[in-house]
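S.K.: The structure follows.
The values are calculated or read from the model by the stated rules, or taken from the named source; none is laboratory data. For clarity, every value in this text was computed on a predicted model and none was experimentally measured. Because the Cβ atoms are built from the backbone with ideal geometry, glycine has one as well, and the counts that use them run over all protein chains shown. Heavy atoms of the whole protein, side chains included, go into the accessibility calculation; ligands, DNA and RNA do not. Shrake-Rupley method; radii C 1.70, N 1.55, O 1.52, S 1.80 Å.
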Amino acid sequence: MGTPFYERLLAATRTEGTIALLVFLSDFGGYLVSFALLLAKSLSGVGGGAASAADRAREAEAALSLFIRVLWGAGGAMLVLLVVAKVAFGVSLNWRADRGPWREGDEGSCHRGVERHAA
């Protein structure tokens, strides 16, 4: 994803705050999947130091099969979460569009509470 996507997402919803939590969660998700792959590989017995070429080929095929299953699972989870996010943000943006993006004289959240002085 990346920081620019999260910044635009925050701006589109007109939410006050920072993107630090979103960046942390995306990084955490990447680390969690990497750890899960390594754990699954070690528990499945793949990569145990096969002696013959045929054994190494079977282990490589088993590792590839494990990787493909994890990718399909992660892809399915991402599609489900994408639909949930679309519905949630669609409802949020429609609600905000109904009340108007800005009130008269309001320049946005960064200027709220700051008095303007005529120069």
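S.K.: Among the residues of region 3-16, are any in a loop (DSSP other than H, G, I, E, B), modelled with pLDDT under 85 and under 25 Å from LEU66 (Cα atoms)?
M.R.: The answer is no; no qualifying residue exists.
S.K.: Return the residues of region 1-42 that are open to solvent by 100 Å² or more (accessible area, probe 1.4 Å), of a type in the set (A, V, I, L, M) and free of Cβ contacts under 8 Å to residues at least 12 places away in the same chain; say none if nothing qualifies.
M.R.: Correct list: LEU21, LEU38.
S.K.: While we're here: Looking at this structure, is ARG96 more than 26 Å from TYR31 (Cα to Cα), surrounded by 12 or more Cβ atoms within 10 Å (Cβ to Cβ) and modelled with pLDDT of 75 or more?
M.R.: No, not satisfied.
S.K.: If you take the residues in region 43-76 that are over 26 Å from LEU32 (Cα atoms) and surrounded by 12 or more Cβ atoms within 10 Å (Cβ to Cβ), which one is modelled with the highest pLDDT?
M.R.: Filtering region 43-76 for residues that are over 26 Å from LEU32 (Cα atoms) and surrounded by 12 or more Cβ atoms within 10 Å (Cβ to Cβ), the one modelled with the highest pLDDT comes out as ARG58.
S.K.: Okay, moving on. Regarding GLY108, is this residue at pLDDT below 55 and surrounded by 11 or more Cβ atoms within 10 Å (Cβ to Cβ)?
M.R.: Yes; evaluated as a whole, the condition is true for this residue.
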